[in-house]
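A.B. asks: This is the structure I have questions about; it appears just below.
The values are calculated or read from the model by the stated rules, or taken from the named source; none is laboratory data. Predicted model, so just to flag it, every value in this text is computed and none were measured. For neighbour counting, all protein chains shown are included, and Cβ atoms are generated from backbone atoms with ideal geometry for every residue, glycine included.
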Amino acid sequence: MKPPAALLENVSRTYGVGEQAAVGLRDVTLSVAAGEFVSVMGPSGSGKSTLLNIIAGLDRPDRGRVVVAGNDLASLSDDERSDLRLRQIGVVFQAFNLFPTFSVEENVLWPLEFLGVRAGDARRRVAATLELVMLPERVRKRRPAELSGGEQQRVAIARALVTDPVLLLADEPTGNLDSRTGRAILDLLALLNGTRHVTVVLVTHDMFAATYGHRTIELRDGQIVREARAEPEHARHLKLMRES
């Protein structure tokens, strides 16, 4: 049996001190199985982004234990955390966070340069990943400002996937997109989870988006207040895609 892709045990995080202190997370315990698709919901300030940042190693808990891909984050140096993110964790943001002066291909290539992948191999991996996220060849030499929002998010997902991570963290990835484009991005995440077995943790405030998960976690005031399992929307979608 594979170990969890991410494990949080009694994790708490508070920002500030005294009466001005704000609770990010309060005694959260959560296990995300390898290959699972977990949706995390909750209102603004509920701790969703804090949860994602702690799993990514971008923030440190005040208390508790965090293990990602078999690595106890507390035992890692800052450089080792960065290396873990580079090799094992893909992160997708609402704001895309693409380099504006880089082409599509250059944006996706960037992480591979840090890994020291040879130029020819890197180009092949970039092409294969852009094909995987269904980004047409005609836009691959363009810069982000020349792309639609949906195309930019596909580039961001490709950049997160090109290193072949075990865990993909998506923070409101449809927040800046119209409903049709947003659904296409959710379908893509579901496809990657279902066919490539990439573990996905999706943070969203959208109830429809949450239906794509195998499991939905609801946060309020930094605590898990509800957990539900249901047949995911993406399972039905994948079945239709495979039959078409």
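A.B. asks: I'm checking my understanding of the structure. Among residues of region 33-61 that are closer than 17 Å to Glu9 by Cα and among the charged types (D, E, K, R), which one is nearest to the chain's Cα centre (by Cα)?
C.D. replies: Lys48
A.B. asks: Among Thr181, Thr211, Thr195, which is the only one that is surrounded by fewer than 18 Cβ atoms within 10 Å (Cβ to Cβ), of a type in the set (S, T, N, Q) and in contact with a Pro (Cβ under 8 Å, 6 or more places away or on another chain)?
C.D. replies: Only one candidate qualifies: Thr211.
A.B. asks: Continuing with the same structure: I'd like the full set of residues that are surrounded by fewer than 18 Cβ atoms within 10 Å (Cβ to Cβ), within 19 Å of Pro165 (Cβ to Cβ) and modelled with pLDDT of 95 or more, limited to region 111-130.
C.D. replies: Step one: of region 111-130, the residues surrounded by fewer than 18 Cβ atoms within 10 Å (Cβ to Cβ) are 113-116, 118-121, 123-124, 127-128.
This time we only want the ones that are within 19 Å of Pro165 (Cβ to Cβ), so: 113-116, 121, 124, 127-128.
Asp121, Arg124, Ala127, Ala128, listed by residue number.
A.B. asks: Of all residues being outside any helix (DSSP H, G or I) and of a type in the set (Asp, Glu) in region 171-197, which is nearest to Glu151 (Cα to Cα)? Just the residue, please. Before you say what the answer is, go through the steps one by one.
C.D. replies: Step one: filter region 171-197 for residues outside any helix (DSSP H, G or I), giving 171-178, 197.
In the following step, the residues that additionally are of a type in the set (Asp, Glu) were identified as 171-172, 178.
Details: Asp171: 17, Glu172: 16, Asp178: 12 Å.
Here the residue is Asp178.
A.B. asks: Could you list, in sequence order, all residues of region 89-110 that are touching a residue at least 60 places away in the same chain (Cβ under 8 Å) and either out of contact with any Pro (no Cβ under 6 Å at 6 or more places or on another chain) or surrounded by fewer than 18 Cβ atoms within 10 Å (Cβ to Cβ) (or both)? Steps first, answer last, please.
C.D. replies: Pass one, region 89-110, residues touching a residue at least 60 places away in the same chain (Cβ under 8 Å): 89-96, 98.
If the condition is that a residue be touching a residue at least 60 places away in the same chain (Cβ under 8 Å) and either out of contact with any Pro (no Cβ under 6 Å at 6 or more places or on another chain) or surrounded by fewer than 18 Cβ atoms within 10 Å (Cβ to Cβ) (or both), then Val91, Phe93, Gln94, Ala95, Phe96 are the ones that fit.
A.B. asks: Which one is surrounded by the fewest Cβ atoms within 10 Å (Cβ to Cβ), of the residues in region 198-208 that are over 10 Å from the mean Cα position of the chain (by Cα) and not in a loop (DSSP other than H, G, I, E, B)?
C.D. replies: Only one residue tops the list, namely Met207.
Here's the yes/no breakdown for (1) at pLDDT 90 or above; (2) of a type in the set (S, T, N, Q); (3) within 22 Å of the chain's Cα centre (by Cα):
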residue	(1), (2), (3)
Lys2	no, no, yes
Val11	yes, no, yes
Ala21	no, no, no
Ser31	yes, yes, yes
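A.B. asks: Still on this structure, I have one more. Give the residues of region 63-76 that are part of a loop (DSSP other than H, G, I, E, B) and modelled with pLDDT of 95 or more, sorted by residue number. Give the steps one after another, and end with the answer.
C.D. replies: Quick first cut of region 63-76, residues part of a loop (DSSP other than H, G, I, E, B) only: 69-70, 76.
The answer is Leu76, and nothing else.
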